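Here's the structure, in structure tokens; my notes come after.
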Amino acid sequence: MAESMDYDNAWPGSTPQRAYLVAVELKPERKPGRDTGWTAEESLAELAELAGTAGAVVVGQTIQRRVAPDPATCIGEGKAVEIEAERARLGFDLVIFDDELSPVHQRNLENIIQCAIIDRTALILDIFARRAKSRESKLQVELAQLEYRLTRLAGKGVDLSRLGGGIGTRGPGETKLETDRRRIRARISRLRAELAEVARHRGRLREDRQKRSLLPVVALTGYTNAGKSTLHRALTGSDVLVEDRLFATLDATARRAEPEGGQPFILIDTVGFVQKLPHQLVAAFRSTLEEVTAADLILHVVDASHPKREEQVATVDRVLAELGAATKPRLLVLNKIDRLHGPETAQAELESLRRLYPASVAVSAATGENLDGLLRAINQTLAASRRRRLVEIVIPYSEASWVSWLHERAQVLAEEHTPEGTKVRAVLEEDLAGQLLARSQAASHRRK
């Protein structure tokens, strides 16, 4: 079996691909439960952003309105013929559908439209393949891509060879996808085994981190490009990558935040979400996303200046529910308030957002506006959710093991040796503080 293509070299990118976008809008009565608040035009605008992130130049788009998807081509043969005519006129070499295509749809469309056909899922997987840097994220992306492409192997040998590299083909290479299903499934099994070991290692690191510091953990989550990494840098002084583009962050990054006069905490930056996020990615990145579900507090970061901010909030809420984090303590952070239009308009817009999300905190991670207010809200929420208690106690030298016990289970703020014993100032969970004080009282009675 030939070697798979390299992630970074799978597509030279010297000549950007020319892309044509296609959306299918079903009549409302044919999409019960599927209305996400996005119109076809708005969803295509986001798809154009995704295509640009992947390095394509969008040269045209179309929306096909139907009662139901066509079983053979999704859009109907006549519409497919129209797109082929547009290809001859505009010279595009890639068609991107906004919804996931079935293998049958894709094969039939490629028989009519003489260029590469991919869908939003393949496009997002492609972007993740370009962004993947760590071993873990590369394994996660490859697993998601192989599971997505497994159902598309039948009869695809010629078609995949025709693509010759490009958007939708990054990651596991074409030659790998032309092998039989047995080998693909064997590779998927190996990837799952490797990722299981990576997940166990990540879990051990998380446990060690919690034992060493016993600091509360706060996880940043939100829609892609909401400013999570900028906020991470602003609160921790970290050097995480900050870019104004979609999916700039794939790997979880943990740093210590030390607010002045407040409770220190560990702040974790994680991958962003998007509407119609491929379920393969959610499954493959589950070990990374566990950083969110294991956190003491989730900061849901929202781009307050985005016209679809309410829909983006709903998208993230759905993914968090899917991950089992719906009941976790959560704080909504309205970011990028510096980008709201005009002083008067911005103030009215901000007041409207505060009415809509009364428990939120409005900030600008870029300018630093109201970050002190956010830190106060974080400390208050953590105190309410974790019920931690500040304890000052003098431990007799005869009970020196208590000091080790405290270091293992509490955040020791100060330690001083006095004639009576070791004076310790520490923050620990309410029930542990009760245990410590009970032991202290019992020891005092024994000495009497």
* Rg to Rh ratio, segment 387-447, alpha-carbon atoms and Kirkwood radius? -> 0.94
* Please tell me the relative contact order of segment 215-385 in percent, rounded to the nearest whole number, where contacts are Cα pairs under 8 Å and at least six residues apart. => 25
* Asked: Could you state the number of Å between the C-alpha centres of segment 319-350 and segment 259-306?
  -> 14
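Based on the inverse mean of 1/r over its pairs of different Cα atoms, what is the Kirkwood hydrodynamic radius of segment 287-431, in Å?
Numbers: mean 1/r = 0.0547 Å⁻¹.
Every distinct Cα pair counted, the radius reaches 18.3 Å.
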* Going by how many other beta carbons lie within 10 Å of each one, how would you line up 20, 397, 148, fewest first? -> 397, 148, 20
* Can you give the relative contact order of segment 387-447 as a percent, counting alpha carbon pairs under 8 Å and 6+ residues apart? -> 40
* Asked: How high is the relative contact order of segment 322-415, given as a whole-number percent (alpha carbon pairs under 8 Å, six or more residues apart)?
  -> 24
* Asked: Taking neighbour counts of Cβ atoms within 10 Å as a proxy for exposure, in what order, fewest first, do 320, 101 appear?
  -> 320, 101
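Coordinate-derived values only; no laboratory data. Since this is a predicted model, take the numbers as computed values, not measurements. Here the Cβ is made from the backbone with ideal geometry for all residues, glycine too, and neighbour counts use every protein chain on show.
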